[in-house]
Amino acid sequence: MSGPNGMLYGGDEIGALVFDPGHHSLRVGYAQEDTPKADIPAVVGVGPATHVPEPEEKVPDGNVTQTGSKAGSELRHYIDVTELHVPRPGMEIQTYMKDGQVDNWDLFEKMLDYCYSKVIRSPPEHHPALFTEAVWSSRSGREKLAELLFEKYQAPAFFLAKNAVLAAFANGRSTALVVDAGASQTSAVPVIDGYALTSAAVRSPVGGDHLAAQAKAMLASMHIQMLPIYSIQSKEVIRERERARYTLKSLPAGLTQSWQQYMLKKQYEDFCHCVAQVSESAYDERTAAAVPGVHYEFPGGYHQDFGPERFKLTECLFEPTLGAAHLACSAAGACDADARGALWGGVVACGGGAALSGWAERLGRELASRAPSAHRLKVCAAPAPLERRCAAWIGGSILASIGSFQQMWISSQEFDESGKGQLERKCP
Amino acid sequence: MADILDIMDIEQPTAEISRESILHGDKAKKKYVTTKTVKRPEGMHREVFALLYNDSNKDLPPLMPTDTGKGYKQTKAKLGMRKVRKWMWAPFINPARKDNAVFHHWKRVSDESKEYPFAQFNKQVSIPSYTESEYNQYLKSEDWTQAETDHLMDLCQRFDLRFIVIHDRWDRAAFRDRSVEDLKERYYGICAILSKVKTNPWSNIVTTVNGEKRSYQYDAEHERKRKEQLRRLFDRTQEQIEEEQMLLTELKKIEARKRERERKTQDLQKLISRADTGNTPAINQVANNTADSHTPSNTTTNIARRHDRKLHKKKLTSQQRPIRTVEAVTVEWSGIKFPEARSTGVWLRSQRMKLPPGVGQRKTKAIEQELRQMNIDVAPTPTEPVCKHFNELRSDLALILDLKNALGACEYELQSLRHQYEALNPGKTLTIPASICNTNEETKPLGEIIDVVGSPSALNSTV
């Protein structure tokens, strides 16, 4: 706002909320803050309501939304880590995301209910809502979201922004080539003056999930058993590489396959998070062996050092034809020749995958060998891993708190007057 | 600080702005008022005076312990002088919006009546508009339908003439794909036509030069060519780039070699012309001696060169293993070139006798040495003829010194080659013909110098 000397500062807060739905998690929080209020796994546990929590695992029931489905059978929805990670018979894990877009709207509604009631704890009609979306999101999905926000939640205003654009904003750029290493896919999107070039965007299905699957395969080939953490009652301290000694917990019967898979995937993600590292140049056994190993203890108690394996593991993210560098090159190549210089001058790395140590450096190195030498190449990424992971959310937080942005919201009046057709015009 | 001021008998400044004064507020001021009461009598030492009991001296420790003071309690800082202004969470209407939507934000109570400050940033590009009849009258085009043109103008408005984005969002389902240049060409064409036929011109395209309207002409052909060139430049493969780099460095090398060669020949020419026009006929003679003919200087060099080349070839063929190639004895030409008299301003004639800055320290010393040996004043009276002759003399001296140096180097070469020859062919002695052997000092080896400098061997060894 305006200062004492008539100067006009850039920010103006109107209590807006920013939602950044992703495949791995949904980030939600107030605009103008530097980190999201909550980072909720993007899955919903759906289980029968008949299960009554035992006294010792009694959680304040607020996290559980209870609804009666039309068929008559009671279903409960379990959202967020504290609810999800409890072993419950018959609880299926379902995701509402598909291909970077919301697919299952009923589940997504449950998620939004949870966000408003448990995270924001304020009625939705007080807060304009800014949503991020993938560049390739379909028109029907966007309109559906706008309808949901205005009609069910009575939001005063709504806006949809491309996550690539927001990630560029989070890095202080309006023109950038955004390389987003997400959970389900990696994408490269050119952004010019705050507009994403949709026709030049490219993506590949290699992402964080793929890395977790690779980790699973690698550990299986090394004959290391990954036990889910919930199944361990107690474990003994053992020496390195010694056979694990543990006792298993007695678990309720009827745990679903999807839930067990989900919990195991969390374990593999944790393994990748702790151990995996991207080597500076293409994998080379000798240089990788020279780097000191990283120690990791598995839930069962088995522990060992991981040396070159941790570099080998991440090589799948930089495959010559699917890797981030290749995507960036083809995205830039699809752009107008006049724009390429600016794009190469601002390659922005973001997403959960970019938070892997060494990822951005590797990208820079690969691009340096591929990018035309006529351009100045600069790869920028936020220094903190969390900032890389939440780049789109942070960009949304910045955008929604800029004073001159406040004229761009689609207000509920506008929506009532001219309907969802204007979404394409107002949120390009 | 206070102590020093005491010694110097300077009064304490009363209105001092420091952290202390801010912290204690007006209490500090009072203290300074009371300190003025007792003054030190004239002639009394400061130390003695300090021993006296002084009412105003609050620094003395109390005899009895007290706990009435504030102790370690922090005093609150009084920073702002003004009263706190209130903020409130208030509704506002943004004039940049057309729908009168009401949002809430924090604002000062005093600013309540003011308009939303960020509305001033709502800038829009002015895009020309046309009616259907206008379109039919002026803007008809074989290539563009009206629907397509309308779509273009709509996108221009939406994306504020960012043509790259417009191209990206172009409705390819409804209209055929067009390049950025096509879009720009159409848009600027429309602007130009409309600004002619309509009264209100669009500021972003029309400029008035000398009261005459002039609209921006978009050169689509040129742009297309430029884009194509850019595209080709960027689409080069790595091998192509490397090849180009390699060629460029080769070119640089060749140019450097050429320059070197030119410099050498120039040096040689200078030396020869210097020798030809020189005062000592002996030099001329020797040059001719070597070439075995009395020809003008040009031919002399040519022959000398040819002669040398022959010699060199012979050398290469006869010597299987050249242990020691003849090193280039390069003689930098060195008569001194005195700058011409400067054209403007008044100057001293002695300036003309100043050695130019290019002449090195060592050479200057050597020249002075020579002059002293000849009993000539180092700084003679600069009359016109003296100046001229003195400069000429020194120039010749410099030349002679260089020639001596070169001679020495050649002499050394010759001797070392002779030793080598004798070492390789034991028992034989190499008789050096008297014509090139240095018997009478300074004159003879000039030919040698010329040969060596101009010879291909010299070029080869440096390249």
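The values are calculated or read from the model by the stated rules, or taken from the named source; none is laboratory data. Worth saying up front: this structure is predicted, and the values here are computed from it rather than measured. Note: ideal-geometry Cβ built from the backbone for every residue, glycine included; neighbour counts use all protein chains shown. Just the protein is used for accessible areas: all its heavy atoms, side chains included, with ligands, DNA and RNA removed. Shrake-Rupley method; radii C 1.70, N 1.55, O 1.52, S 1.80 Å.
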Only one of (1) open to solvent by 60 Å² or more (accessible area, probe 1.4 Å); (2) within 13 Å of chain B (Cβ to nearest Cβ); (3) at pLDDT 90 or above fails for A:Ser373. Which number is that?
-> (3)
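Could you check segment A:290-359 for helices (runs of 4 or more DSSP H) lying wholly inside it with 1 or more residues that are away from every other protein chain (no Cβ under 14 Å) and either of a type in the set (Phe, Trp, Tyr) or closer than 15 Å to A:Val379 by Cβ (or both)? Outline the logic, then answer.
Values: elements: A:309-314, A:324-333, A:337-344.
Qualifying helices (runs of 4 or more DSSP H): A:309-314, A:324-333.
For segment A:409-425, give me each residue that is facing another protein chain (nearest Cβ under 10 Å), buried (at least 18 other Cβ atoms within 10 Å of the Cβ) and not acidic (Asp, Glu).
Step one: of segment A:409-425, the residues facing another protein chain (nearest Cβ under 10 Å) are A:409-418, A:424-425.
Narrowing the set further to residues that are buried (at least 18 other Cβ atoms within 10 Å of the Cβ) leaves A:409-412, A:414-415.
Hits for segment A:409-425 are A:Trp409, A:Ile410, A:Ser411, A:Ser412, A:Phe415.
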So is B:Arg176 within 12 Å of chain A (Cβ to nearest Cβ) and open to solvent by 50 Å² or more (accessible area, probe 1.4 Å) or not?
-> no
Do the conditions hold for B:Ser129, that is, is it at pLDDT below 90 and within 14 Å of another protein chain (Cβ to nearest Cβ)?
-> no
Give just the number: which of (1) surrounded by 10 or more Cβ atoms within 10 Å (Cβ to Cβ); (2) in contact with a Lys or Arg (Cβ under 8 Å, 6 or more places away or on another chain) does B:Glu384 not satisfy?
-> (1)
Can you tell me which residues in segment A:20-44 are of a type in the set (A, V, I, L, M, F, W, C) and under 28 Å from A:Gln260 (Cα atoms)?
-> A:Leu26, A:Val28, A:Ala38, A:Ile40, A:Ala42, A:Val43, A:Val44
When you go through (1) open to solvent by 50 Å² or more (accessible area, probe 1.4 Å); (2) under 27 Å from A:Ser25 (Cβ atoms); (3) assigned to a loop (DSSP other than H, G, I, E, B); (4) among the hydrophobic types (A, V, I, L, M, F, W, C) one by one for A:Val278, which number turns out not to apply?
-> (1)
Counting only residues that are without any contact (Cβ under 8 Å) to a residue 24 or more places away in the chain and polar (S, T, N, Q), which one in segment B:216-268 is farthest from the other protein chains (Cβ to nearest Cβ)?
-> B:Gln266
A:Lys110: passes all of (1) part of a helix (DSSP H, G or I); (2) touching a strand residue (DSSP E or B) at 6+ places or on another chain (Cβ under 6 Å); (3) away from chain B (no Cβ under 14 Å); (4) open to solvent by less than 10 Å² (accessible area, probe 1.4 Å) but (4)
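So if I check each of A:Ala384, A:Ala392, which one is crowded, with 22+ Cβ neighbours inside 10 Å and either more than 14 Å from every other protein chain (Cβ to nearest Cβ) or more than 24 Å from A:Leu26 (Cβ to Cβ) (or both)?
On the way: A:Ala384 fails: crowded, with 22+ Cβ neighbours inside 10 Å.
Just one listed residue meets the conditions, A:Ala392.
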Does any residue of segment B:377-391 turn out to be modelled with pLDDT under 85, in contact with an Asp or Glu (Cβ under 7 Å, 6 or more places away or on another chain) and not in a helix (DSSP H, G or I)?
-> yes
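Under 30 Å from A:Gly90 (Cα atoms) and surrounded by 15 or more Cβ atoms within 10 Å (Cβ to Cβ) - does that describe any residue in segment A:284-295? Break it down into steps so the answer makes sense when it comes.
Here is the first cut: in segment A:284-295, the residues under 30 Å from A:Gly90 (Cα atoms) are none.
Among the residues of segment A:284-295, not one is under 30 Å from A:Gly90 (Cα atoms) and surrounded by 15 or more Cβ atoms within 10 Å (Cβ to Cβ), which makes the answer no.
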Could you grab me the full set of residues in segment A:10-28 that are of a type in the set (A, V, I, L, M) and facing chain B (nearest Cβ under 10 Å)?
-> A:Ile14, A:Ala16
How many residues does segment B:179-200 contain that are surrounded by fewer than 17 Cβ atoms within 10 Å (Cβ to Cβ) and within 14 Å of chain A (Cβ to nearest Cβ)?
-> 1
How about segment A:20-40: which of its residues are outside any loop (DSSP other than H, G, I, E, B) and open to solvent by 10 Å² or more (accessible area, probe 1.4 Å)?
-> A:Pro21, A:Arg27, A:Tyr30, A:Ala38, A:Asp39
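Could you check how many residues of segment B:338-357 are open to solvent by 80 Å² or more (accessible area, probe 1.4 Å) and modelled with pLDDT of 75 or more? Steps first, answer last, please.
Taking segment B:338-357 and keeping what is open to solvent by 80 Å² or more (accessible area, probe 1.4 Å), we get B:339-340, B:342-344, B:346-349, B:354, B:357.
This time we only want the ones that are modelled with pLDDT of 75 or more, so: B:346-349, B:354, B:357.
Going through segment B:338-357 one residue at a time, the tally reaches 6.
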